There are 2 protein chains.
Amino acid sequence: MKAEIIAVGTELLMGQIVNTNAQYIAKGLADVGVGVYYQTVVGDNASRMKEALGIARSRADLIICTGGLGPTQDDLTRDVLAEFLGRKLVMYGPSMDKIAAFFEKRGTPMVESNARQALTLEGADALPNETGMAVGTAVTQDGTHYILLPGPPREMKPMFDHAVKPWIESRSGHVMPLFSVMLKFAGIGESFLENRLLDLIEAQTDPTIAPYAKEGEVAIRLTTRAASREAANAKLQPLEAEIRSRVGDHLFASEDITLEQQVLHMLSERGLRLAVAESCTGGQLSDLLTAIPGSSEAFAGGVICYTNGLKHKLLQVPMDVLEGEGAPGAVSEETARLLAENVSRVTEADFGLSITGVAGPSESEGKPVGLVFIGVHGYGRTEVVQVQQSGNRETIKLRSAKSALYHLWKLLKSQL
Amino acid sequence: MKAEIIAVGTELLMGQIVNTNAQYIAKGLADVGVGVYYQTVVGDNASRMKEALGIARSRADLIICTGGLGPTQDDLTRDVLAEFLGRKLVMYGPSMDKIAAFFEKRGTPMVESNARQALTLEGADALPNETGMAVGTAVTQDGTHYILLPGPPREMKPMFDHAVKPWIESRSGHVMPLFSVMLKFAGIGESFLENRLLDLIEAQTDPTIAPYAKEGEVAIRLTTRAASREAANAKLQPLEAEIRSRVGDHLFASEDITLEQQVLHMLSERGLRLAVAESCTGGQLSDLLTAIPGSSEAFAGGVICYTNGLKHKLLQVPMDVLEGEGAPGAVSEETARLLAENVSRVTEADFGLSITGVAGPSESEGKPVGLVFIGVHGYGRTEVVQVQQSGNRETIKLRSAKSALYHLWKLLKSQL
């Protein structure tokens, strides 16, 4: 099956928003074994949309459009597809009921144009919208599949995951469903990881091995088709075991969770609490941790000791460690150690994690940009790690926060 | 001039990365008055790239390709365009020198394929690459302009801004350059702002008025063509004055800076320092502030008082304010006030800014998700503002952090 994604919207075309929908859909199609050959963006203009559909039909057999299903006169996608395929628009009852109920609850009369959101094509499958009003559409004509999805990502994503994927799977000619396992790594670069697994990646056929990289984390997805979860596991597990034997030291999860989720999970499982002392990361580590719902169970908070004054006042690092002739300075093993130990003491937390370094753009204390010390205090001991990060201020901050989480995870793992 | 953007790369097509280049270019073209009619993404495949070029030529007179200028065999864009236009590839000397110098400095022999990055088309203009190896290309044939840019954003952006924009400007038939002013607003929603300016937006011809929205901030760009900066100002200033008279209370800058930059600037101008007490935002406010180079001049740091224990231990909020029958609780005006006052006292900072609220996903202390109290202490007084944020945990955190900055900015402004 060859797919093409058409994103509709003048705000995309003009660069007012980024086309994250195309990425999400392309990734999701890859998961179900469908290759995307083209992506197109077109404005809210009927004749150009029709032209884009015509070109797509000539080269793809699955066409997924996002955007233009809203209530306004700019929202043309369903009308254009109806005309393109020579089908009528019909009202989808459950969506109409939902829209009417919404206005009834608000106690305001329904604006007429809102009813447009309940329209789909005659003979098409309606795709329910879990988080919004506009119904989606899936229809096959002359061997080509057409799917219409809403533009807002919070409506598009659940519709794609829960309605579109199964719809495509049932038409893709594959007799067996896909099973996959996500392996997540920290403290190792993507290219280094790939290098260690190069022979496996080059020889892959079934299961497939797909690497994914995000700042500070690397993931590999193993995927196979099988008649059952057991049959899939019989193929996936030997490969996973081989990967573990090579790079298991860096594998923090075999499911799609972040490093901060894993660390918080390990801490709360053991009834332990963490406090942090952030200098150069300036709150980013805490921000990552508190992005996880329920993080307060294992995360107490901490101190943003951005200046030497605060390192001294709130975390009792002696001024003669921080400043003066021959002093180790704020960016030093000694300061990192004291910050980690003292933040755990003053907050009465079981673990103290500290980060102090030079985020740039200019050097500090004569120390180079990217030099960072990470202190991990817990289980009655303190370890300090020195790392040299590369990149700009933004990436140095993020990589340092992720690196601190990695070293905390290593300590937690060593105590299993 | 009608433009089409073609982004080349299998990693884009498969959804491994987001197509931020298309957005950047589309926005930049809008700045110089060029409309984008289509965006396309195509993989590293010569025949499909040629097909995309053919379609683009039939409907656009400016075609900008990004990606595929690197040294590997996958990087086909320049070869494909050369064949498409029937031109030879020629070596661009300055790029070749730069590549050779790079390898000489590293002390390693140059891998042959790297020379490919110095190739451009016969008769084309070479576009210098300030931050990388691959030279860009700009060429006109049969009335259509073709531009090739590298894929990595850190190479593409400076090349687009410094070489492509003037190249297009000189061919767009406009005799006068563009001038614009960016107005930035906080504490006001995009739709509310647009509503207040609706008659101006609808009547716009020259200067044009373009709204931009990012989470927690709204911007408007006024643009005009003029023979000189003075002539432009004569057109821009009356419009800016009219906008100021309507929504000036929310206008924090008439240049493209963030709210946190403006607040830090106002603080350091006055020799003042800020400390923060973050509960529900969990470090995000500090993270935003410390993203700005030099922020330590006006930002001391603060406390992530995520748990009640830390609010009490580090910031002396009495436990009977935080917990117990009839207590105001952690999410209350009283706690916000004490946090703001106490964080400024214990850190010896001039200003204390506090945020305490319910980030969700579930309610807390019987208080609804999104309820947030912001405390601003400075100039000898403390103000507490209660806000009700909407959205999920992530947006509630970000909006609360931006909202706190807005209220601090208001206090600073009132003391001008």
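The values are calculated or read from the model by the stated rules, or taken from the named source; none is laboratory data. Since this is a predicted model, take the numbers as computed values, not measurements. No Cβ is skipped: glycine too gets one built from the backbone with ideal geometry, and neighbour counts run over all protein chains shown.
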**Asked** Which condition breaks for B:I257 when tested against (1) among the hydrophobic types (A, V, I, L, M, F, W, C); (2) in contact with a strand residue (DSSP E or B) (Cβ under 9 Å, 6 or more places away or on another chain); (3) crowded, with 17+ Cβ neighbours inside 10 Å; (4) touching a residue at least 60 places away in the same chain (Cβ under 8 Å)?
**Response** (3)
**Complete:** Selection from the range B:215-236 of residues surrounded by 13 or more Cβ atoms within 10 Å (Cβ to Cβ) and over 22 Å from B:E169 (Cβ atoms) yields B:G216, B:E217, B:V218, B:A219, B:I220
**Filtered residues of the range A:262-272 (kept if surrounded by fewer than 21 Cβ atoms within 10 Å (Cβ to Cβ) and either within 11 Å of chain B (Cβ to nearest Cβ) or assigned to a helix (DSSP H, G or I) (or both))** = A:Q262, A:H265, A:M266, A:S268, A:E269
**Residue count for the range B:278-311, restricted to those that are polar (S, T, N, Q), more than 25 Å from the chain's Cα centre (by Cα) and more than 7 Å from chain A (Cβ to nearest Cβ)** = 2
**Request:** Kindly list the number of the only condition in (1) buried (at least 20 other Cβ atoms within 10 Å of the Cβ); (2) more than 13 Å from every other protein chain (Cβ to nearest Cβ); (3) not small (G, A, S) that fails for B:M319.
**Result:** (1)
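Which fully enclosed strands (runs of 3 or more DSSP E) of the range A:93-141 have 1 or more residues being buried (at least 21 other Cβ atoms within 10 Å of the Cβ), polar (S, T, N, Q) and assigned by TED's automatic domain parsing to the domain that holds A:A82?
Details: elements: A:119-121, A:125-127, A:136-141.
It comes to A:119-121, A:136-141.
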**Complete:** Being in contact (Cβ under 8 Å) with a residue 12 or more places away in the chain and closer than 13 Å to B:T66 by Cβ narrows B:A134, B:A118, B:A124 down to just B:A134
**Asked** Would you call A:L89 more than 22 Å from the chain's Cα centre (by Cα), more than 10 Å from chain B (Cβ to nearest Cβ), modelled with pLDDT of 95 or more and surrounded by fewer than 23 Cβ atoms within 10 Å (Cβ to Cβ)?
**Response** yes
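Among A:K235, A:K311, which is the only one that is basic (K, R) and either part of a loop (DSSP other than H, G, I, E, B) or under 30 Å from A:L178 (Cα atoms) (or both)? Give the steps one after another, and end with the answer.
On the way: A:K311 fails: either part of a loop (DSSP other than H, G, I, E, B) or under 30 Å from A:L178 (Cα atoms) (or both).
So the residue among A:K235, A:K311 that is basic (K, R) and either part of a loop (DSSP other than H, G, I, E, B) or under 30 Å from A:L178 (Cα atoms) (or both) is A:K235.
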**Request:** Return the total of residues in the range B:61-92 being assigned to a loop (DSSP other than H, G, I, E, B), over 15 Å from B:A138 (Cβ atoms) and either in contact (Cβ under 8 Å) with a residue 24 or more places away in the chain or of a type in the set (S, T, N, Q) (or both).
**Result:** 10
**Request:** Take A:S58 and decide whether it is away from every other protein chain (no Cβ under 14 Å), surrounded by fewer than 18 Cβ atoms within 10 Å (Cβ to Cβ) and outside any strand (DSSP E or B).
**Result:** no
**Scope the range A:36-55; condition more than 8 Å from every other protein chain (Cβ to nearest Cβ) and either part of a helix (DSSP H, G or I) or surrounded by fewer than 18 Cβ atoms within 10 Å (Cβ to Cβ) (or both); matching residues** = A:N45, A:A46, A:S47, A:M49, A:K50, A:L53, A:G54
**Message:** Please go through the range A:192-214 and give me each residue that is surrounded by 16 or more Cβ atoms within 10 Å (Cβ to Cβ) and in a loop (DSSP other than H, G, I, E, B), ordered by number.
**Reply:** A:L197, A:P207
**Asked** Taking into account only those residues within the range A:5-21 that are buried (at least 22 other Cβ atoms within 10 Å of the Cβ) and more than 7 Å from every other protein chain (Cβ to nearest Cβ), which is nearest to A:F160 (Cα to Cα)?
**Response** A:N21
**Asked** Say we look at the range A:389-416 and pick out the residues that are without any contact (Cβ under 8 Å) to a residue 60 or more places away in the chain and closer than 24 Å to B:P153 by Cα; which of these is surrounded by the most Cβ atoms within 10 Å (Cβ to Cβ)?
**Response** A:Q389
